[in-house]
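Down below is the structure, laid out as structure tokens.
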Amino acid sequence: MAGGSGCRRGRDRAGHLLSRGLGENFDRAAVFRALAQGLDLAQVRERFGLSKDELLVIFQEVADYYGAREAGFWRLFCDGASRGNPGPAGAGAVLSNPLGEVAAQLARYLGETTNNVAEYQALLLGLQEAARLGVRKLQIFADSELLVRQLNGQYRVKAPHLLPLWRLAKNELQNFEAYTISHVPRAENRLADELANQGIDQRPPAR
């Protein structure tokens, strides 16, 4: 099995730069159009107000995208939410094929639980759907640093109520030929977050 530590470091660096203003609404395509028109790297940086590191992050994002596409990797974004922590909770997951097409958007109400439990349940929701679709290679992205580091072996699972979920997740991961687990900033996980909140909204009305 492939771990996610190397990929995670790259995403952490990218996330730091995104937090400085290079957000998901930045027109990355315009950068490549400018290069295609003959501008050199210095001119592109000046036109778009980019630092050298920010431009490198854009190149790395494109390399990661096409590398995953050519290798046949699917992408799973997952997120859990709890209003009150503990409180009404939901799980959300988005699964995309190697061409970048969304294959599944999932939302589920979890009842009353904590945010950390909801994060694990969201991961399990996405992993089970990926296995059902016959996915063999998977890149997993979550904005829960705790979940990512526990599954990558960087943190011990100390909370007794999380240990069974951790074991379930590790077992589900055995269904895949290769996988990575990476942390992303919350801004890059917006759709999964919206689905998690939709899951909470699915709770039955109080009697």
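The values are calculated or read from the model by the stated rules, or taken from the named source; none is laboratory data. In this text, all values refer to a predicted model and were calculated from it rather than measured experimentally. Using ideal geometry, Cβ is built from the backbone for each residue, glycine included, and neighbour counts are taken over all protein chains shown.
Restricting region 51-103 to residues that are in a helix (DSSP H, G or I) and in contact (Cβ under 8 Å) with a residue 60 or more places away in the chain, which is farthest from residue 188 (Cα to Cα)?
Applying the filter and picking the extreme gives 71.
I need the full set of residues from region 137-177 which are small (Gly, Ala, Ser) and either within 17 Å of the chain's Cα centre (by Cα) or under 26 Å from residue 71 (Cα atoms) (or both), in order please.
Listed by number, the residues that qualify are 142, 144, 153, 169.
Would you be able to say whether some residue in region 151-164 is in contact with a Gly (Cβ under 6 Å, 6 or more places away or on another chain) and polar (S, T, N, Q)?
yes
Which condition number in (1) over 20 Å from residue 132 (Cα atoms); (2) crowded, with 20+ Cβ neighbours inside 10 Å is the one that residue 112 fails?
In the conditions (1) over 20 Å from residue 132 (Cα atoms); (2) crowded, with 20+ Cβ neighbours inside 10 Å, residue 112 misses (2) alone.
Return the residues of region 149-172 that are more than 19 Å from residue 118 (Cβ to Cβ) and touching a residue at least 40 places away in the same chain (Cβ under 8 Å); say none if nothing qualifies.
Listed by number, the residues that qualify are 152, 153, 154.
Please specify each residue of region 96-134 satisfying the condition of being among the small types (Gly, Ala, Ser) and over 13 Å from residue 199 (Cβ atoms). Let's see the steps before the verdict.
Step one: filter region 96-134 for residues among the small types (Gly, Ala, Ser), giving 96, 100, 103-104, 107, 111, 118, 122, 126, 130-131, 134.
Answer for region 96-134, where residues must be among the small types (Gly, Ala, Ser) and over 13 Å from residue 199 (Cβ atoms): 96, 100, 103, 104, 130, 131, 134.
I'd like to verify a number: residues in region 150-184 that are in a helix (DSSP H, G or I) and either of a type outside the set (D, E, K, R) or touching a Ser or Thr at 6+ places or on another chain (Cβ under 7 Å) (or both), how many?
Residues flagged as in a helix (DSSP H, G or I) and either of a type outside the set (D, E, K, R) or touching a Ser or Thr at 6+ places or on another chain (Cβ under 7 Å) (or both) within region 150-184 amount to 10.
Give all pairs with beta carbons closer than 6 Å in which a residue from region 117-128 that is in a helix (DSSP H, G or I) meets a residue that is polar (S, T, N, Q); count only pairs at least 6 apart in sequence or on separate chains.
What qualifies is 118/82; 119/144.
Collect the residues in region 178-207 that are surrounded by fewer than 18 Cβ atoms within 10 Å (Cβ to Cβ) and over 19 Å from the mean Cα position of the chain (by Cα), keeping them in residue-number order.
201, 202, 203, 204, 205, 206, 207
Which count do you get for residues in region 129-149 that are part of a strand (DSSP E or B) and either more than 23 Å from residue 160 (Cα to Cα) or not assigned by TED's automatic domain parsing to the domain that holds residue 172 (or both)?
5
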